[in-house]
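Visitor: If you scroll down you'll find the structure; I have some questions about it.
A short reminder: the numbers here are calculations on the coordinates, not readings from a lab. As the structure is a prediction and not an experimental result, all values here were calculated from the model. Here the Cβ positions follow ideal geometry from the backbone for every residue, glycine too, while neighbour counts run over all protein chains shown.
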Amino acid sequence: MRYHTIMKRIEQGGSRSIETMLIHGGNQIDERTGAVNVPIYQTSTYMQNGLGRNRGFEYSRTGNPTRKVLEDLIAELEGGVAGFAFASGMAAITTVLSLFRSGDRILISRNVYGGTYRVLDKVFSSFGIRYSILDSEDPESLERSIGDDVKAILLESPANPLMSVTDIRAFSEVAHRHGVKVIVDNTFMTPYLQRPLELGADIVVHSGTKYLGGHSDLVAGLAIVNDAETAERMAFLQNATGGILQPFDSFLLIRGIKTLSVRMDRHVQNAEAIARYLQSSEDVSRIHYPGIESDPGYAVNSRQAKNGGAMISFELTENHNLNRFFESLELVSLAESLGGVESLVCHPSSMTHASIPEDIRKAVGISERLIRLSPGIESVDDIIADLDNAMKRSRT
Ligand SMILES: *Cc1c(COP(=O)(O)O)cnc(C)c1O
């Protein structure tokens, strides 16, 4: 029961700062050789000493030493009781949603990740798990939406792609009054900038593919829970359904997490400079970024997160040809995903959010003109020059 060891470690070393935990969390030193990095235990099975006597591992779907270091590390970083690593963010989310049963209803925020919406709408619905969309900026609306069948709310803050901010603490208070669990997808912020469990959430999920991995070379997912009973059930589900992260990918994710604080500081610094540039540009009609004071989410975000994170979305004015804008970019790549060291842009309505029906997209404000930018850690002057050039060339 691995969460006991984690609880012990939190009690003993809970005062360490997050920058240190990113590098030393999860007990990464190899006991046998003293190697400062955990070995990649590329093994499916483990020799047992006798019947019913193993050395802590039996079979790598159930547990693997490399994956365990990652799972302990992310549990420490989020301040949870146990962490679980999966083959993708969607595998992590699917396993968390498998905690619920037929007849249960999950409330999701309006701008939830497209894949989360899709798995609820197209997969869990056929098993009788229903969902409703909640007006996530208003905690009062939650009070009205909670019926007897509601068992969880699933939030993202800031939420993709309009960077809308949800008051995690206020929502958790209302949810807990009704015995409803709070799940937060913390992919955009990472535990370095925001720790939802400290704000009252019960479960945190991540796409490790993004900032935690940080180099666009890995697909991975994580889930963190803060009570022993849910930890037990997650361990059961992880083993039973089997969407685990492999040893090599676990190693890559541990490696990525070590540099999270310096990368994230630079991502945010670049995002802030780019946001100021976009705000002053006559080519831009709207900008969504909770790190600037004019953003409607600024006040709440500043209360619950270290800063506004690094994701920005914006709309070009009508007199731009969007296709020409994307084709004119030379440094910034047009691609799905985010959070890597290289700058990426995407067109949410035809890419990341294409699985959301057009009428819903329109209703939540994802226009055809919306562009999402994930600033990398290149020179911010080069990124801005590239955006500036593409905007000028795409004027009609
Ligand atoms: C990418 C992403 C996911 C899905 O993660 P994968 O690793 O692509 O499966 C979930 N939530 C958010 C917010 C994401 O950005």
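Visitor: So what is the calculated 222 nm ellipticity per residue for the chain, using -39500 (n - 2.57) for each DSSP H run with n of 4 or more, over all residues, to the nearest 500 deg cm²/dmol?
Guide: Value at 222 nm, helices only, nearest 500: -11000 deg cm²/dmol.
Visitor: Something else: If region 261-393 were replaced by its equivalent ellipsoid, with semi-axes equal to the square roots of 5 times the Cα gyration tensor eigenvalues, what would those be, largest first, whole Å? Intermediate values should be presented prior to the final figure.
Guide: Values: eigenvalues 89, 72, 43 Å².
They are 21, 19, 15 Å, listed from largest to smallest.
Visitor: Rounded to the nearest 5, what % of the DSSP beta bridges within region 261-393 are antiparallel ones? All intermediate terms of the calculation are to be shown ahead of the outcome.
Guide: Values: 11 of 13 bridges.
Taking every DSSP beta bridge within region 261-393, about 85 percent pair in antiparallel fashion.
Visitor: Now for a different question. Across bins of 10 angstrom width beginning at 0, how are the C-alpha pair distances of region 14-258 distributed, in whole percent?
Guide: 8, 32, 35, 18, 6, 1
Visitor: So, one more: Please list the helices of the chain that count as membrane-span-like by this rule: a mean Kyte-Doolittle hydropathy of at least -1.0 together with Cα atoms stretching 18 Å or more along the helix axis, each helix being a complete DSSP H run. Write out the running numbers ahead of the final one.
Guide: Values: long enough: 65-78 (20 Å, -0.20); 228-241 (19 Å, -0.30); 260-280 (30 Å, -0.44); 380-393 (20 Å, -0.24).
Correct list, ordered by number: 65-78, 228-241, 260-280, 380-393.
Visitor: Same structure, new question: Place a label point 7 angstrom from the Cα of Asp148 along the Cα-to-Cβ direction, then list the residues of region 95-136 whose backbone nitrogen is under 12 Å away.
Guide: none
Visitor: May I ask which residue of Ala335, Ser44, Ser349 lies farthest towards the positive end of the charge dipole of the chain, with charges of +1 (Lys, Arg) and -1 (Asp, Glu) on Cβ and the Cα centre as origin?
Guide: Ser44
Visitor: Between Phe248 and Glu19, with labels modelled 7 Å along Cα→Cβ, what's the label distance in nm to one decimal, could you check?
Guide: About 3.4 nm separates the two model spin labels.
Visitor: Of Lys122/Lys151; Lys210/Lys306; Lys258/Lys306; Lys68/Lys258; Lys362/Lys392, which sit over 24 Å apart, Cα to Cα?
Guide: Values: Lys122/Lys151 19 Å; Lys210/Lys306 18 Å; Lys258/Lys306 19 Å; Lys68/Lys258 16 Å; Lys362/Lys392 27 Å.
Going by Cα-Cα distance, Lys362/Lys392 fall outside the 24 Å limit.
Visitor: Using alpha-carbon pairs under 8 Å, 6+ residues apart, how would you state the relative contact order of the chain in percent?
Guide: 17
Visitor: Defining a contact as two alpha carbons under 8 Å apart and six or more residues distant in sequence, what relative contact order in percent does region 127-239 show?
Guide: Details: 159 pairs, mean separation 20.4, N = 113.
18 percent.
Visitor: Going toward the positive end of the dipole of the chain, with +1 on Lys and Arg Cβ and -1 on Asp and Glu Cβ, which of Ile133, His215, Ala299 do you reach last?
Guide: Most positive-ward Cα: His215.
Visitor: Just subtract the alpha-carbon distance of Asp359 and Thr241 from 0.36 nm times their residue separation and send over the number in nm, one decimal.
Guide: Values: separation 118, 0.36 × 118 = 42.48 nm, distance 3.43 nm.
Taking 0.36 nm per residue and subtracting the Cα distance, the gain is 39.1 nm.
Visitor: Suppose every K and R has +1 on its Cβ and every D and E has -1 on its Cβ; what is the size of the dipole of the chain about the Cα centre, in Debye to the nearest 20?
Guide: Details: 40 positive and 49 negative charges, 223 e Å.
About 1080 debye.
Visitor: Simple spin-label model, 7 Å along Cα-to-Cβ: Ser367 to Asp388 in nm?
Guide: Those two pseudo-labels are separated by 2.5 nm.
Visitor: Among residues other than Arg361 whose Cβ falls under 12 Å from its Cβ, what is the net charge (Lys/Arg +1, Asp/Glu -1)? Intermediate values should be presented prior to the final figure.
Guide: Details: positive: Arg110, Lys362; negative: Glu358, Asp359, Glu368.
Computed value for this residue: -1.
Visitor: Using Cβ contacts closer than 10 Å as the measure, can you line up Ile360, Ile93 from fewest to most? Numbers along the way, then the final one.
Guide: On the way: Ile360 13, Ile93 25.
Ranked by crowding around the Cβ, least crowded first: Ile360, Ile93.
Visitor: May I pose another question? With the cut-off at 1.5 for a/c, could you classify region 185-244 from its C-alpha gyration tensor as rounded, prolate or oblate? Write down the numbers at each step before the final one.
Guide: On the way: a/c = 3.72, a/b = 1.18, b/c = 3.17.
Cα axes put region 185-244 in the oblate bin.
Visitor: Using mean Cβ contacts within 10 Å as the protection proxy, how do 260-269, 141-150 order, highest first? The partial results should precede the final answer.
Guide: Values: 260-269: 19.6, 141-150: 14.9.
Top to bottom by mean Cβ count within 10 Å: 260-269, 141-150.
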